[in-house]
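Data first, discussion second: the structure below is written as structure tokens.
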Amino acid sequence: MNKFTNPLGNIKVASPCPADWNEMYGNERKRFCSECKLSVYNLSEMTQSEAENFVINAEGRVCVKFYRRADGSVLTKDCPVGWQAFKKRIS
């Protein structure tokens, strides 16, 4: 029997989308891409629990934006290490 792993650790991107997030209409969590006509969800603006649930419950083609750290993990909104680095950069 396979052991359950974090669904965020299993995200694979076969071919990254060239669309510019800053040119999409919406907010920091969800924007609409006029090129592919899909909503794009920012996993890094969700808590870990929200992002995991989104990935688990997603059906069909889904577009996501996220920040992957050097260790391969996905940065989420509630990550204390990520927030410390962010605060350090802006101070």
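The values are calculated or read from the model by the stated rules, or taken from the named source; none is laboratory data. In this text the structure is predicted, and so the values were computed from the model without any measurement. Here the Cβ positions follow ideal geometry from the backbone for every residue, glycine too, while neighbour counts run over all protein chains shown. Note: accessible area is taken over every heavy atom of the protein model, side chains too, but ligands, DNA and RNA are not part of it. Shrake-Rupley method; radii C 1.70, N 1.55, O 1.52, S 1.80 Å.
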- Name every residue in the stretch 28-43 that is out of contact with any Leu (no Cβ under 9 Å at 6 or more places or on another chain) and open to solvent by less than 90 Å² (accessible area, probe 1.4 Å), in order of residue number. Arg31, Cys33, Ser34, Cys36, Leu38, Ser39, Val40, Tyr41, Asn42
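For the stretch 61-79, which positions are of a type in the set (Val, Ile, Thr) and crowded, with 17+ Cβ neighbours inside 10 Å?
Across the stretch 61-79, the qualifying residues are Val64, Val74, Thr76.
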- Query: What do you reckon, is Ser15 exposed (fewer than 13 other Cβ atoms within 10 Å of the Cβ) and under 18 Å from Lys77 (Cβ atoms)?
  - Reply: no
- Of the residues in the stretch 30-65, those that are among the aliphatic types (A, V, I, L, M) and assigned to a helix (DSSP H, G or I) come to Leu43, Ala51, Val55, Ile56
- Task: List every residue pair whose Cβ atoms lie under 6 Å apart, where the two residues are 6 or more positions apart in sequence or sit on different chains, the first residue falls within the stretch 12-25 and is closer than 14 Å to Tyr67 by Cα, and the second residue, located anywhere, is surrounded by 10 or more Cβ atoms within 10 Å (Cβ to Cβ) and not hydrophobic (A, V, I, L, M, F, W, C).
- Result: Trp21/Lys65
